[in-house]
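These notes concern the structure reproduced below.
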Amino acid sequence: MVLIMVTSMFPPEKGVEVMKKYNEIQPKFPLPSSIKLKKVGLRWVRGGLKAVAIYDVEKETLADALSFVYRYELEFAGIEGYSNEIETLLTAEEMPPM
């Protein structure tokens, strides 16, 4: 398994706009069966809000999963002050021995 972690940041005054966009694009971007959403968290940080989503994907479907996540996140690009970082992580089981 590989994890995809998406960390998004946005100003607090854009929270309503982010949620509106989120609700708007859900029908357009149903989660493929090869991607499992594990956790979503939100917290206040200096200068705004930070949201973290973690997806679980099989290594064989990583390219398709990343393509989905990038297209999904691109929908938020028009919101002023919104930024994100998309990372791939190995699970503890996938890590080489130390």
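When the test is whether a residue is open to solvent by 70 Å² or more (accessible area, probe 1.4 Å) and of a type outside the set (D, E, K, R), S33 passes it.
When L66, L62 are checked against the criterion of being outside any strand (DSSP E or B), under 11 Å from the mean Cα position of the chain (by Cα) and not charged (D, E, K, R), a single residue qualifies: L66. In segment 50-77, the residues that are more than 19 Å from T91 (Cα to Cα) form Cβ pairs under 8 Å with partners that are of a type in the set (G, A, S) and surrounded by 15 or more Cβ atoms within 10 Å (Cβ to Cβ), at six or more places apart or across chains, as follows: K50/S8; A51/S8; E73/S8; F76/S8. For segment 8-22, filtering for residues that are open to solvent by 20 Å² or more (accessible area, probe 1.4 Å) and within 12 Å of the chain's Cα centre (by Cα) leaves 2. Mind counting the residues in segment 69-88 that are part of a strand (DSSP E or B) and surrounded by 12 or more Cβ atoms within 10 Å (Cβ to Cβ)? Number of matching residues: 4. Against the test of being touching a strand residue (DSSP E or B) at 6+ places or on another chain (Cβ under 6 Å) and either among the small types (G, A, S) or open to solvent by 70 Å² or more (accessible area, probe 1.4 Å) (or both), the options K50, K38 yield a single qualifying residue, K38. When M1 is tested against the conditions (1) under 14 Å from the mean Cα position of the chain (by Cα); (2) open to solvent by less than 90 Å² (accessible area, probe 1.4 Å), the lone failure is (1).
The values are calculated or read from the model by the stated rules, or taken from the named source; none is laboratory data. Only a predicted model underlies this, so the values are computations on that prediction, with no experimental measurement involved. Note: ideal-geometry Cβ built from the backbone for every residue, glycine included; neighbour counts use all protein chains shown. Accessible surface is based on the protein model in full, side chains and every heavy atom, while ligands, DNA and RNA are left aside. Shrake-Rupley method; radii C 1.70, N 1.55, O 1.52, S 1.80 Å.
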